[in-house]
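Let me begin by presenting the structure, written as structure tokens, before commenting on it.
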Amino acid sequence: MILYVDTSVILRHLLGQPKALNVMRADRAYASEILKLEARRVIDRLRLEAALDDDGVAQAHEELARIERSIGCISITNPVLRRASLPMPTVVKTLDAIHLASALLFQEQSGDTLTFATHDLQQATGARALGFKVLGA
């Protein structure tokens, strides 16, 4: 199985939340480079809210770096941004549109069939409406 992994999947794993998907079981996994930004913003927000102490922040950054080394990175290119700006079949937030566009274009260019991994119900609906099999939501 080849996965497209959105940030919610990585964050659930990093934060030790229940029912986290194990993306390492996939044959291959890919994510938009926006994952790097989104995940680090959440870690910093949790630090500022005192939900993560210094050790928790360090562990989260170490694990995030390990995950990033193990999955393919899809660049945010002009074609990705153009596709993300087009109408979607369901309600989709801006960053979710970038994830969906990244997965769509990667799938078209590679010829691989991706399974979309997300814990975000709204994004899962959008992914299903675009023809992806969805895990995690």
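Only the coordinates and a few stated rules stand behind these numbers; no lab work does. Keep in mind that this is a model prediction, so the values were computed, not measured. Here Cβ is always computed from backbone atoms with ideal geometry, including for glycine, and neighbour counts include all displayed protein chains.
Residues are listed down the side, and each one gets a yes or a no for (1) more than 16 Å from THR7 (Cβ to Cβ); (2) of a type in the set (Ser, Thr, Tyr):
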position: LEU52; (1), (2): yes, no
position: VAL91; (1), (2): yes, no
position: ALA97; (1), (2): no, no
position: THR113; (1), (2): yes, yes
position: GLN123; (1), (2): no, no
position: VAL134; (1), (2): no, no
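Tell me whether region 52-62 contains one or more residues that are assigned to a helix (DSSP H, G or I), in contact with a Leu (Cβ under 9 Å, 6 or more places away or on another chain), of a type in the set (S, T, N, Q) and within 18 Å of ILE10 (Cα to Cα). Yes, region 52-62 contains at least one residue that is assigned to a helix (DSSP H, G or I), in contact with a Leu (Cβ under 9 Å, 6 or more places away or on another chain), of a type in the set (S, T, N, Q) and within 18 Å of ILE10 (Cα to Cα).
If you go through region 2-28 and pick out every residue that is more than 13 Å from the chain's Cα centre (by Cα), within 19 Å of GLN107 (Cβ to Cβ) and assigned to a loop (DSSP other than H, G, I, E, B), you end up with 2.
Please list, ordered by residue number, the helices (runs of 4 or more DSSP H) wholly in region 66-137 having 2 or more residues that are touching a Pro at 6+ places or on another chain (Cβ under 9 Å) and within 20 Å of ARG28 (Cβ to Cβ). Even if it seems obvious, please write down each step before you answer.
Details: elements: 78-85, 94-110, 121-129.
Result: 94-110.
In region 29-77, of all residues being over 12 Å from the mean Cα position of the chain (by Cα) and basic (Lys, Arg), the one that is surrounded by the most Cβ atoms within 10 Å (Cβ to Cβ) corresponds to ARG47. Scanning region 19-70 for residues that are within 20 Å of HIS119 (Cα to Cα), of a type in the set (A, V, I, L, M) and in contact with a Lys or Arg (Cβ under 8 Å, 6 or more places away or on another chain) turns up ALA20, LEU21, LEU64.
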